[in-house]
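Shown next, in structure tokens, is the structure this report addresses.
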Amino acid sequence: MTLNIGVIGVGMIGQDHIRRITQVVSGARVTAVTDVDLDRAKAIAAGLPSTKALQTGQELIDDPEVDAAIVCSWGPTHEEYVLASIAAGKQVFCEKPLATTREACERILDAETAAGKRLVMVGFMRRYDEGYRAMKAVIDGGEIGAPLMFHSGHRNPSVPGHYTSDMIINDTCVHDVDVARFLLDDEIVAARVLTARKNSLASEHLTDPVLFIFEMAGGALVDVEASINIQYAYDIRGEVVGERGTVELAETNPVVVKGSGRFGGRVPEDWRERFIRAYDTEFQEWIDAASRGESTGPSSWDGYAATVVCDAGLKAMQSGERVEISLREQPELYRTTTITGPTGTD
Ligand code: NAD
Ligand code: ISE
């Protein structure tokens, strides 16, 4: 079976996912696209075989030639399209964030729970990265003992002009929030944010860098060093310290070059390069599951938890205080697939 996909929002990552679906992974084709910038949607459709440009996201979701939707529009618009996909009974892949408020995420949880089956996957692609998957296998295998701390580094060389002061938490650190829950298989119960001396290369309105600290329900601590103007490269770091050992992400460069009395290798330029294989795997697994009418990977619950933690992080950044976090009771629908891994389906 070939899965017919409709793409809502054909900006930077929407176009990258279209390239991936049409040129890299198998089992799917893009039959429809839409964007508030309709000219952009038409231009993208014109470059693809048998793809139409539709006026609205709702029209795309209702289209009989769309089996499943991908939401790559701006964060505040995600809720509407995810809810419409659930109402239509169609599988939907939603780029992060699932939605921008706790209330919006709860409306999605309610709708999906009422539908009685998982239909939503959230684009937390780090769960598909070989490095993070290998770290998780070591932790779950018990070799390093119970995890005590997770040190995460998320360094962006620069950020686009529209990036606002909140985004270091809810656009950038949201990935560290999800990967902490994934690696440690636990929920986050409190957060605080410390700000360092400001990077003089950051725009006036941005706070950069920050240390976002989480307390996990089981007592482990997580620190996320987030930088958004580090200049030299896109550098993602991670180390879990256990009771009797550690596991950390290796460098991603395939070779080490030695010369002129030095050694070194490439550090990725941006998130597209760093996580290229993770996005490919993420899409292949989503397409395979959606073709069977199933959902896989990070769920609405994971999207909800990440949004709630980021809200708390923003409060902590503004107040300088420790902020406690509570989630609603987890519906049964999410209990078998949450946190423990991206491969479980239901
Ligand atoms: P972008 O601005 O390049 O593209 C967004 C597109 O959505 C634009 O073409 C815009 O016109 C369109 N759009 C906005 N509102 C719309 C609506 N209501 N209906 C239809 N189209 C609409 O942004 P981007 O960088 O591609 O980011 C898009 C989403 O992907 C965001 O949620 C972002 O957080 C997420 N993202 C995820 C990753 C990741 O690593 N997983 C990386 C980058 C972006
Ligand atoms: C971007 O939106 C992403 O999702 C990237 O993965 C992240 O590293 C970056 O900081 C965000 O702005």
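The values are calculated or read from the model by the stated rules, or taken from the named source; none is laboratory data. What you see is a predicted model, and the numbers here were worked out from it, not measured in a lab. Cβ: placed from backbone, ideal geometry, glycine included. Neighbour counts: every protein chain shown. The protein model used for the area step is the full one, side chains on, heavy atoms only, and it has no ligands, DNA or RNA in it. Shrake-Rupley method; radii C 1.70, N 1.55, O 1.52, S 1.80 Å.
Things to note:
- Dipole size of region 217-314 about its Cα centre, with +1 on Lys/Arg Cβ and -1 on Asp/Glu Cβ: approximately 440 debye, rounded to the nearest 20.
- Proximal charge balance of residue 146 [Cβ under 13 Å; K/R count +1, D/E count -1]: -4
- Length gained when the stretch residue 148-residue 103 is fully extended (0.36 nm per residue, less Cα-Cα span): 13.0 nm
- The loop-placed trypsin sites (Lys or Arg not before Pro) in region 245-292, going by DSSP, that have at most 14 neighbouring Cβ atoms within 10 Å of their Cβ come out as 266, 292.
- Net dipole in debye of region 100-149 [+1 Lys, Arg Cβ; -1 Asp, Glu Cβ; about Cα centre; nearest 20]: 100
- 294, 324, 251, ranked by accessible area, largest first (probe 1.4 Å): 324, 251, 294
- Rounded to 5, percent antiparallel among DSSP beta bridges of the chain: 55
- Eligible lysines near residue 52 by straight Cα distance, threshold 26 Å, same-chain separation 8 or greater: 42, 90, 96
- P(r) weight above 28 Å for region 1-152, C-alpha pairs, percent: 29
- Accessible surface of region 154-230, 1.4 Å probe, proportion on carbon and sulfur as whole %: 51
- Average projection area in nm² (convex hull over Cα atoms of region 141-299, one quarter of hull surface): 12.7
- Qualifying chymotrypsin sites (Phe, Trp or Tyr not before Pro) in region 181-244, where qualification requires a DSSP coil assignment and no more than 14 other C-beta atoms within 10 Å, comprise 232.
- Residue 266-residue 134 pseudo-label distance in nm [points 7 Å out on the Cα-to-Cβ vector]: 1.8
- Gain on full stretching of the segment that runs from residue 46 to residue 23 - 0.36 nm per residue minus C-alpha separation: 6.7 nm
- For region 20-59, the Kirkwood estimate of the hydrodynamic radius, built from every pair of different alpha carbons, is 10.6 Å.
- Accessible area per residue for region 183-222 is 50 Å², calculated with a 1.4 Å probe on protein heavy atoms, without ligands, DNA or RNA.
- Viscosity 0.692 mPa s, 37 °C: Kirkwood-radius Stokes-Einstein D of the chain over Cα pairs, µm²/s: 158
- Take residue 333: with every protein chain present and a 1.4 Å probe, its accessible area is about 40 Å².
- For region 66-169, a crude dipole built from +1 on the beta carbon of Lys and Arg and -1 on the beta carbon of Asp and Glu, taken about the Cα centre, is about 180 debye to the nearest 20.
- Among the DSSP helices (H) of the chain, those spanning at least 24 angstrom by Cα along their long axis with an average Kyte-Doolittle hydropathy of -1.0 or more are 300-319; this is a geometric and hydropathy rule only.
- Counting every C-alpha pair in region 66-150, the share spaced more than 23 angstrom apart comes to 38%.
- Per residue, the accessible area of region 261-321 comes to 41 Å², computed with a 1.4 Å probe over protein heavy atoms only.
- The loop-placed trypsin sites (Lys or Arg not before Pro) in region 61-162, going by DSSP, include none that has at most 11 neighbouring Cβ atoms within 10 Å of its Cβ.
- Put a dot 7 Å past the Cα of residue 166, heading toward its Cβ, do the same for residue 200, and the two dots end up 3.2 nm apart.
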